[in-house]
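**Q** Let me give you the structure first, and then I'll get to my questions.
The values are calculated or read from the model by the stated rules, or taken from the named source; none is laboratory data. Keep in mind that what you see is a predicted model, and the values were worked out from it rather than measured. Glycine gets a Cβ as well: all are built from the backbone with ideal geometry, and neighbour counts include every protein chain shown. Note: accessible area is taken over every heavy atom of the protein model, side chains too, but ligands, DNA and RNA are not part of it. Shrake-Rupley method; radii C 1.70, N 1.55, O 1.52, S 1.80 Å.
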Amino acid sequence: MTISRAFACGLGRGRREISHLLRTPREVVSQLSTPFAFVVLAMVNNDAIPGSALPMADVFIAGGVAAVVVQTCLIALPQMLATEREEGTLLRQRTAPEGMTAYLVGKTCLLLAQALIGIALVLAGGAVFAGSGLPAGLGDWLTLLWVLPLGLLAMAPIGAALGAVLPNAREALAWSMMPVLGVMAISGIFFSITSLPEAVQTISQLFPPKWIAQGVRSALLPDSALAAETGHSWQHLQTLGVTAAWAVAGFALAPRVLRRMTRRESGSRLAERRAAAPA
């Protein structure tokens, strides 16, 4: 199977998984927790952005949009992969040439659908209940349209690699939650990044969440909010460069990680884990 054929198969797999998601109300309802939390934070916070008269509610809504992308890729995806590893789905993918690439493309499509649901809920909830604004013009909407998909492409391979190395589905959430929340905390998702020590700001610039959050803020906040941004600039070129580099590197390396993980798997090991699992 060629790479182009693998991507075509992955897109088909993604369409089927999205169709299953939309036909399963329980799965859709599970997307509500993060939007709800950030809309509530926006509703109860009356402070202003440091150095600006803009309400912090707008920052929380922008942070909620970025948080949906990060949590979908770094919490939901590792759990899915750990579950499907235990069920034998990943083991079956090993038998197909470029099967892991197709699998990863399909999961990325599913993540995009899940993220879009969460992002729509954050934006709509913020506008209705917290009085936050939507993108002001076509340029701002276009910014969201490249920042969010590129951010998801940058984060999905990281989540896939985490799912490949986590012990099992039951421990996936516990192992991934605290590190992910830590990364989000230093990325300006919960509060102004310029309030953090300079060393922490420097570290955060190495990873996609900081740039995803800043790109989202550039689409949702006016330029008067730049007082709370690093370099007092939206830094779109840096956002594009960092997220694109992570996406390219991730999709080159993540399928190899998944293939290596499945090489250690076998039908007998899968049966042993199922037999040892609590009823």
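Yes/no per residue for (1) in a loop (DSSP other than H, G, I, E, B); (2) modelled with pLDDT of 95 or more; (3) in contact with a Leu (Cβ under 9 Å, 6 or more places away or on another chain):
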residue	(1), (2), (3)
194	no, no, no
203	no, no, no
211	no, yes, yes
231	no, no, no
238	no, yes, no
241	no, yes, no
244	no, yes, yes
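**Q** Show the residue pairs meeting these rules: Cβ distance below 7 Å; 6+ apart or different chains; first residue within region 174-192 and over 15 Å from residue 214 (Cβ atoms); second residue aliphatic (A, V, I, L, M) and part of a helix (DSSP H, G or I).
**A** 176/74; 176/75; 176/162; 177/75; 180/70; 180/74; 180/75
**Q** Follow-up. Regarding residue 115, is this residue within 25 Å of residue 61 (Cβ to Cβ), open to solvent by less than 20 Å² (accessible area, probe 1.4 Å) and assigned to a helix (DSSP H, G or I)? Full working, then the answer.
**A** Working: within 25 Å of residue 61 (Cβ to Cβ): yes; open to solvent by less than 20 Å² (accessible area, probe 1.4 Å): yes; assigned to a helix (DSSP H, G or I): yes.
Considered against the rule, which asks whether it is within 25 Å of residue 61 (Cβ to Cβ), open to solvent by less than 20 Å² (accessible area, probe 1.4 Å) and assigned to a helix (DSSP H, G or I), residue 115 comes out as yes.
**Q** Moving to a separate point now. Looking at region 124-134 only, could you name the residues that are aliphatic (A, V, I, L, M) and surrounded by 20 or more Cβ atoms within 10 Å (Cβ to Cβ)? Step through it out loud before you land on a result.
**A** The initial filter retains those residues of region 124-134 that are aliphatic (A, V, I, L, M), namely 124, 127-128, 130, 134.
Residue satisfying the conditions is 130 alone.
**Q** What are the pairs, 6+ residues apart or on separate chains, where a residue within region 237-266 that is closer than 12 Å to residue 85 by Cα and of a type outside the set (Gly, Ala, Ser) has its Cβ under 6 Å from a residue that is assigned to a helix (DSSP H, G or I) and at pLDDT below 80?
**A** 258/100; 258/164; 259/100; 261/164; 262/90; 262/91; 265/91
**Q** Return yes or no: is residue 121 in contact (Cβ under 8 Å) with a residue 12 or more places away in the chain and open to solvent by 60 Å² or more (accessible area, probe 1.4 Å)?
**A** Values: in contact (Cβ under 8 Å) with a residue 12 or more places away in the chain: yes; open to solvent by 60 Å² or more (accessible area, probe 1.4 Å): yes.
Against the criterion (in contact (Cβ under 8 Å) with a residue 12 or more places away in the chain and open to solvent by 60 Å² or more (accessible area, probe 1.4 Å)), residue 121 qualifies.
**Q** If you check residue 224 against the conditions, is it at pLDDT below 95 and out of contact with any Lys or Arg (no Cβ under 8 Å at 6 or more places or on another chain)? Steps first, please.
**A** Numbers: at pLDDT below 95: yes; out of contact with any Lys or Arg (no Cβ under 8 Å at 6 or more places or on another chain): yes.
Yes, satisfied.
**Q** For region 1-24, what are the residues that are part of a loop (DSSP other than H, G, I, E, B), open to solvent by 50 Å² or more (accessible area, probe 1.4 Å) and at pLDDT 80 or above? Reasoning before the result, please.
**A** Applying the first criterion (part of a loop (DSSP other than H, G, I, E, B)) to region 1-24 yields 1-2, 23-24.
After this cut, where a residue has to be open to solvent by 50 Å² or more (accessible area, probe 1.4 Å) as well, the list is 1-2, 23.
Listed by number, the list holds a single entry, 23.
Condition check ((1) buried (at least 24 other Cβ atoms within 10 Å of the Cβ); (2) modelled with pLDDT of 90 or more; (3) within 14 Å of the chain's Cα centre (by Cα)) across all residues:
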residue	(1), (2), (3)
98	no, no, no
136	no, no, no
150	no, yes, yes
155	yes, yes, yes
